[in-house]
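The values are calculated or read from the model by the stated rules, or taken from the named source; none is laboratory data. What you see is a predicted model, and the numbers here were worked out from it, not measured in a lab. In this analysis, Cβ positions are derived from the backbone assuming ideal geometry, glycine residues included, and neighbour counts consider all displayed protein chains.
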Amino acid sequence: MIIGVPKEIKNNENRVALTPAGAMELTKRGHEVYVQTTAGLGSGFEDHEYTAAGAQLLPSIEAVYEKAEMIMKVKEPIEQEYNLIKKDQLLFTYFHFASYEPLTKAMIERGATCLAYETVENPNGSLPLLVPMSEVAGRMAIQEGAKFLEKPMGGSGVLLGGVPGVEPGRVLILGGGVVGTQAAKMAAGLGAQVTIMDINLDRLRYLADVMPANVNTVYSNEMNIRRHIKQANLIVGGVLIAGAKAPHLITRDMLKDMIPGTVLVDVAVDQGGCIETCKPTTHEDPIFIIDNVVHYCVANMPGAVPYTSTIALTNATLPYAIQLANKGWKQACKDNEPLKKGLNVIDGKVVYKGVADAFGLEFTPVEQFL
Ligand SMILES: NC(=O)c1ccc[n+]([C@@H]2O[C@H](COP(=O)([O-])OP(=O)(O)OC[C@H]3O[C@@H](n4cnc5c(N)ncnc54)[C@H](O)[C@@H]3O)[C@@H](O)[C@H]2O)c1
């Protein structure tokens, strides 16, 4: 198959959909890989590393779209790219269709086959191509939180690990899923006193088993949250209710009960946030302060660490990309149920129910195309 890797053009997106290691895995299986020049640079991969891995370079995004049967990307195509997409071209990337109607309509119009990372789904409901980014964001939440706890950054001036003779900082984590678990590991590693709250008792049991002694688990309810926010120095929001807006577990009136300079990192901001006063921010201007409480609500946290994020993402996407390249998307999706769930739009038809429902569009069962 002919595979194209364009350079991401969305603002501040430095990730790339294929590393030189991935290019090598594809070319050694007989596929042709075309990478736009400097596509990997933002993630630390130079053009010559791709050519050494057997890929060929193309000078422009137009040339990549023109050449490729399968386009591998990170972010959804943006408006400038819509017209470059060819009928029946396979696009393998994040789309998040349900949040943006113009994109959905454009992909229907172009007649492309859209396989969305975010809806590839394992039989147990886990989303293997979203997990790596939650892992990155969860770990980053503590790194960013620790930074903004510093006095010159607006925080209370608490060092999370403490020092001998001084007690460590307290970290409260709402949601013990992927984000929460990774955040807890990082905070515990720094020596902080960590509390994880969740409503899933089995999850709390598991976490209580595997976490070190400086991590406690507490059932999530309003009374417990109100009690714990009074002592926390850093609060991380990592709550998710699949397919729904995150619940506001921390409400505006609770801010006055917090220690001045407390830092809130609402990782769930991309689903509306679990802290009422959070609104999306960017890496250029990541925080704002309300009632002496620092709010960090960057919606694309992994974007700040593109080297790690690119490798984490491509570790997860490459096995699927290899199947798509080896077998073609139809056979690959017939053979692989999780991958089949990634199909969202085919030949102008919406084949993912949630996307059709979001915009009142006609839904066509994917089986009609396989
Ligand atoms: N900002 C970013 O850059 C970024 C990056 C990656 C992920 N995210 C977001 O982070 C959020 C968490 O993702 P995840 O992968 O950890 O999800 P997950 O499904 O693994 O975990 C969510 C957890 O929240 C728990 N939960 C649900 N209701 C709760 C409540 N009332 N109180 C406490 N816990 C509750 C669930 O039981 C689950 O354990 C998602 O919204 C995701 O989109 C954001």
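Things to note:
- Apart from one condition, residue 174 fits all of (1) within 9 Å of the ligand (Cβ to nearest atom); (2) under 20 Å from residue 295 (Cα atoms); (3) among the hydrophobic types (A, V, I, L, M, F, W, C); (4) without any contact (Cβ under 8 Å) to a residue 60 or more places away in the chain; the exception is (4).
- All of (1) on the phi < 0 side of the Ramachandran plot; (2) in contact with a Pro (Cβ under 9 Å, 6 or more places away or on another chain) hold for residue 286 with one exception: (2).
- Matching residues in the stretch 21-76 - criterion: being part of a loop (DSSP other than H, G, I, E, B) and in contact with an Asp or Glu (Cβ under 6 Å, 6 or more places away or on another chain): 37, 74, 75
Yes/no per residue for (1) out of contact with any helix residue (DSSP H, G or I) (no Cβ under 7 Å at 6 or more places or on another chain); (2) hydroxyl-bearing (Ser, Thr, Tyr); (3) on the phi > 0 side of the Ramachandran plot:
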| residue | (1), (2), (3) |
| --- | --- |
| 156 | no, yes, no |
| 165 | yes, no, yes |
| 172 | no, no, no |
| 179 | no, no, no |
| 183 | no, no, no |
| 189 | yes, no, no |
| 192 | yes, no, no |
| 196 | no, no, no |
| 205 | yes, no, no |
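- Tally, over the stretch 86-108, of residues that are under 16 Å from residue 343 (Cβ atoms) and not in a helix (DSSP H, G or I): 9
- Look at (1) buried (at least 19 other Cβ atoms within 10 Å of the Cβ); (2) under 17 Å from the mean Cα position of the chain (by Cα) and you find that residue 131 fails only one, number (1).
- Counted residues, the stretch 271-309 - those being within 14 Å of the ligand (Cβ to nearest atom) and of a type in the set (Asp, Glu): 1
- Screening the stretch 204-282 for strands (runs of 3 or more DSSP E) wholly inside it with 1 or more residues that are surrounded by fewer than 20 Cβ atoms within 10 Å (Cβ to Cβ), among the β-branched types (Val, Ile, Thr) and at pLDDT 95 or above returns the ranges 215-219.
- Of all the listed residues (126, 156), the sole one being away from the ligand (no atom under 16 Å from the Cβ) and assigned to a loop (DSSP other than H, G, I, E, B) is 156.
Quick grid of which residues meet (1) surrounded by fewer than 17 Cβ atoms within 10 Å (Cβ to Cβ); (2) more than 28 Å from residue 301 (Cβ to Cβ); (3) out of contact with any helix residue (DSSP H, G or I) (no Cβ under 7 Å at 6 or more places or on another chain); (4) at pLDDT 95 or above:
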site	(1), (2), (3), (4)
18	no, no, no, yes
22	no, no, no, yes
29	yes, yes, no, yes
33	no, yes, no, yes
44	yes, no, no, yes
63	no, yes, yes, yes
82	yes, no, no, yes
